[in-house]
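Beneath this line is the structure, given in structure tokens, with notes to follow.
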Amino acid sequence: MTGAGHRTDRYERPVVPSKKALVRRPSPRLADGLVTHIAREQVDVGLAVEQWEAYVAALRAHGWETIEVEPADDCPDSVFVEDTVVMFRNVALITRPGAAARRAETAGVEEAVASLGCSVNWIWDPGTLDGGDVLKVGDTVYVGRSGRTNAAGVQQLRAAFEPLGARVVAVPVSKVLHLKSAVTALPDGTVIGHIPRVDRPSLFPGFLSVPEESGAHVVLLGGGKLLMAASAPRTAELLSDLGHDVVTVDISEFEKLEGCVTCLSVRLRELYA
């Protein structure tokens with residue numbers, strides 16, 4: 001099958017705002033996680049677990065209900081739960097990760113989103129798609145054509161989301177692992193990124209350059225608050241000066257595996273009533 005499969009039985013129910021976030025506990029094998037664009041460093045798994053717990057606590061402290069997906073201890077990268085599913089409104093698109101070793105991660109996530117009443121779609125062979133390659137800004141869905149997401153994956157995402165009102169824009173990604181390794185967006189829709197890591201800044205209608213690579217990664221917590229890594233103090237100061245309320249967390253062990261604040265959770269902002 002080459003198109004996005006789907007289950008439509010729940011589409012007619014009303015959709016309401018949500019503040020639920022999927023998270024997944026780090027695997028004991030985290031240190032064996034994949035790296036592609038950076039040199040491998042030794043990962044302290046114990047410290048990573050502490051950092052993950054602090055990250056989850058930060059979400060909860062700002063009104064998010066965290067839902068733990070069943071652990072996938074045999075999958076070193078499974079903590080990066082964002083790569084396994086893309087949400088658009090109340091619809092979940094289960095990905096087919098570009099790294100074959102990560103494909104076993106999706107089953108538990110599919111179970112979790114189905115239990116929340118989401119309509120479920122899938123990426124099928126020959127498509128590949130990592131959730132880290134998808135950035136939503138309003139109804140615009142930017143999808144990175146990267147080493148993990150291929151043209152067929154982009155086409156299937158388009159087929160799944162455009163009928164729901166999405167405007168899908170494909171973006172080249174060659175300097176980092178995922179699109180959201182290079183750019184994310186502020187609450188007003190301004191896209192932020194560290195210029196040396198962004199292939200085509202001109203593709204984004206509003207773009208703000210930030211001084212640190214890890215400063216390009218923000219999670220919108222709601223109420224004007226931004227969650228970002230403690231490793232980008234100059235960017236935090238810049239965003240604070242622009243009137244944003246910045247919350248920082250230390251995720252150093254995940255950064256050694258090309259991880260960032262976005263990929264440690266999946267934020268579900270709209271669900272069925």
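Worth a mention:
- Residue check, Ser146 at pLDDT 95 or above, surrounded by 22 or more Cβ atoms within 10 Å (Cβ to Cβ), more than 27 Å from His62 (Cβ to Cβ) and not charged (D, E, K, R): yes
- Checking each residue in region 20-35 for being of a type outside the set (A, V, I, L, M) and either in a loop (DSSP other than H, G, I, E, B) or open to solvent by 80 Å² or more (accessible area, probe 1.4 Å) (or both) picks out Arg24, Arg25, Pro26, Ser27, Pro28, Arg29, Asp32, Gly33.
- Where Ala114 falls short, out of the listed (1) out of contact with any Ser or Thr (no Cβ under 9 Å at 6 or more places or on another chain); (2) part of a strand (DSSP E or B): (2)
- Residues that are among the polar types (S, T, N, Q) and closer than 17 Å to Thr190 by Cβ were ranked within region 207-243; the one that is farthest from the chain's Cα centre (by Cα) is Ser240.
- Residues in region 100-139 that are more than 15 Å from the chain's Cα centre (by Cα) and under 25 Å from Arg200 (Cβ atoms): Ile123, Gly127, Thr128, Gly138, Asp139.
- The lone exception for Tyr11 - which of (1) aromatic (Phe, Trp, Tyr); (2) more than 16 Å from Thr106 (Cβ to Cβ); (3) at pLDDT 95 or above it fails: (3)
- Here region 219-253 is the region considered, the condition is being farther than 19 Å from Val137 by Cα and among the small types (Gly, Ala, Ser), and the residue that is surrounded by the most Cβ atoms within 10 Å (Cβ to Cβ) is Ala229.
- Of the candidates Ser265, Ser214, the single residue that is closer than 20 Å to Thr66 by Cβ and of a type in the set (Ser, Thr, Tyr) is Ser265.
- Residue in region 66-77 that is within 23 Å of Val246 (Cα to Cα), in contact with a Leu (Cβ under 9 Å, 6 or more places away or on another chain) and modelled with pLDDT of 95 or more present: yes
- Scan of region 97-151 for residues that are under 11 Å from Asp83 (Cβ atoms) and out of contact with any helix residue (DSSP H, G or I) (no Cβ under 6 Å at 6 or more places or on another chain), ordered by number: Gly98, Ala99, Arg102, Arg103, Val134, Arg148
- In region 172-188 there is no residue matching the filter, namely being open to solvent by 30 Å² or more (accessible area, probe 1.4 Å), farther than 12 Å from Val137 by Cα and among the acidic types (Asp, Glu).
- Within the set Leu257, Leu239, Leu221, the sole residue that is touching a Leu at 6+ places or on another chain (Cβ under 8 Å), modelled with pLDDT of 95 or more and under 21 Å from Val45 (Cβ atoms) turns out to be Leu257.
- Of all residues in region 149-166, those that are polar (S, T, N, Q), open to solvent by less than 40 Å² (accessible area, probe 1.4 Å) and in a helix (DSSP H, G or I) total 1.
- Considering residues of region 53-90 that are more than 22 Å from Pro28 (Cα to Cα) and touching an Asp or Glu at 6+ places or on another chain (Cβ under 6 Å) only, the residue most open to solvent (accessible area, probe 1.4 Å): Arg89
- Set side by side, the residues Leu47, Leu129, Leu93, Leu135 differ, and just one is modelled with pLDDT of 95 or more and open to solvent by 40 Å² or more (accessible area, probe 1.4 Å), which is Leu47.
The values are calculated or read from the model by the stated rules, or taken from the named source; none is laboratory data. Keep in mind that this is a model prediction, so the values were computed, not measured. Counting neighbours? That spans all protein chains shown, and the Cβs are built from the backbone with ideal geometry, glycine included. Heads up: the accessible areas ignore ligands, DNA and RNA and are worked out on the full protein's heavy atoms, side chains in. Shrake-Rupley method; radii C 1.70, N 1.55, O 1.52, S 1.80 Å.
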